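The values are calculated or read from the model by the stated rules, or taken from the named source; none is laboratory data. Every value quoted in this text rests on a predicted model; they were computed, and no experiment measured them. A quick note on method: Cβ atoms are made from the backbone with ideal geometry, for glycine too, and the neighbour counts reach across all protein chains shown.
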Amino acid sequence: MSKSSRLARAVTLTSLGLCCTLIAVRSARAGLGGSPMTPPAGASTSSRVVQGSPVVSRSASTASSSASPSQSASAAYTVRETTFGSGTVVHEYVSAAGTVFGIAWQGPQMPDLADLLGSYFPQYVDAVKAARSAHGRRGASVVDQDTLVVRSGGHMGAFAGVAWLPQALPAGVSGQDIQ
């Protein structure tokens, strides 16, 4: 094998390896609607399993006030807390199927919303642009759509926000549970 063909092969293999690495890194940045994020170096992570609030229903034929409501169990979900080196804390709400249905953040630095919102980020950006062009205001961002809810605001040194997918909330869980 000649020196030039070895060089060409090395360049090809290096390029292929770099492409594979970039694909792997991109998929590690999952967010809302996908897998939990891969914590960056220097971040600490903890998880806790939460049983959602039971759904309470009363029978229509119940006339007595002493009758007890029937409860159906709701699906458990996991709250995964990641504390970044900056002090910003992100809570990811993960369904039993492993999909992130809600995110909350609070801290001195705004997290990268493109990472947190994942494939929903362009929808968020479009909604914020539309609201700002219609109302001409700056400040807190509020997106309240059928498929995406985001509330984000704060100021230098104190940022907070929440985002969730209304259609993906487990039974017995509401947007107010995302904190």
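Brief remarks follow.
- When restricted to residues that are at pLDDT 85 or above and of a type in the set (A, V, I, L, M), the stretch 27-61 contains 6.
- Matching residues in the stretch 124-166 - criterion: being polar (S, T, N, Q) and more than 14 Å from the chain's Cα centre (by Cα): 133, 141, 145
- Selection from the stretch 124-167 of residues that are out of contact with any helix residue (DSSP H, G or I) (no Cβ under 8 Å at 6 or more places or on another chain), surrounded by fewer than 17 Cβ atoms within 10 Å (Cβ to Cβ), more than 20 Å from residue 108 (Cβ to Cβ) and not charged (D, E, K, R): 125, 128, 130, 131, 133, 134, 135, 136, 167
- Within the stretch 76-97, the set of residues being under 15 Å from residue 160 (Cβ atoms) and surrounded by fewer than 13 Cβ atoms within 10 Å (Cβ to Cβ) comprises 87 only.
- Cβ-Cβ distances below 9 Å connect the following pairs, each with a first residue in the stretch 34-52 that is loosely packed, with under 15 Cβ neighbours inside 10 Å and assigned to a loop (DSSP other than H, G, I, E, B), a second residue that is at pLDDT 90 or above and among the small types (Gly, Ala, Ser), and a separation of six or more residues or different chains: 40/85; 41/85; 42/85.
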